[in-house]
Amino acid sequence: MTKTKADEFIIKIYQAVIGNGVPGLCKRMEDVENYIKDHPRICPMEKKNSDIWKIRAVEMSIIGVLLTAVQVVMRLLKWL
């Protein structure tokens with residue numbers, strides 16, 4: 001690599017990191033880090049694992065009750 005090519009390469013890297021009229025990588029990373037610091041770690045719309053397990057338990061119990069009810073009805077009607 002020639003000296004001019006190396007200099008051009010270094011200038012392009014500098015412009016990408018620092019910026020040339022637009023935010024460079026350093027500025028964008030500062031913005032991202034500030035955003036992370038200012039916003040909650042967990043989305044308020046996201047459910048916790050304990051809530052998900054509660055919902056799944058209720059769903060399984062409802063399915064169990066429905067299957068038992070269908071089985072009782074079928075026995076009463078002598079289909080089973």
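Out of Arg41, Arg56, Arg28, one residue alone is on the phi < 0 side of the Ramachandran plot and modelled with pLDDT of 85 or more. It is Arg56.
Yes or no, residue by residue, for (1) surrounded by fewer than 10 Cβ atoms within 10 Å (Cβ to Cβ); (2) in a helix (DSSP H, G or I); (3) out of contact with any helix residue (DSSP H, G or I) (no Cβ under 6 Å at 6 or more places or on another chain); (4) hydrophobic (A, V, I, L, M, F, W, C):
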{"site": "Phe9", "(1), (2), (3), (4)": "no, yes, yes, yes"}
{"site": "Glu33", "(1), (2), (3), (4)": "no, yes, yes, no"}
{"site": "Lys47", "(1), (2), (3), (4)": "no, no, yes, no"}
{"site": "Leu66", "(1), (2), (3), (4)": "no, yes, yes, yes"}
{"site": "Ala69", "(1), (2), (3), (4)": "no, yes, yes, yes"}
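Examine segment 14-27 for a residue that is of a type in the set (Ser, Thr, Tyr) and surrounded by 11 or more Cβ atoms within 10 Å (Cβ to Cβ), and state whether such a residue exists.
yes
The values are calculated or read from the model by the stated rules, or taken from the named source; none is laboratory data. It should be emphasised that the depicted structure is a prediction, and the values quoted were computed from it without experimental measurement. Because the Cβ atoms are built from the backbone with ideal geometry, glycine has one as well, and the counts that use them run over all protein chains shown.
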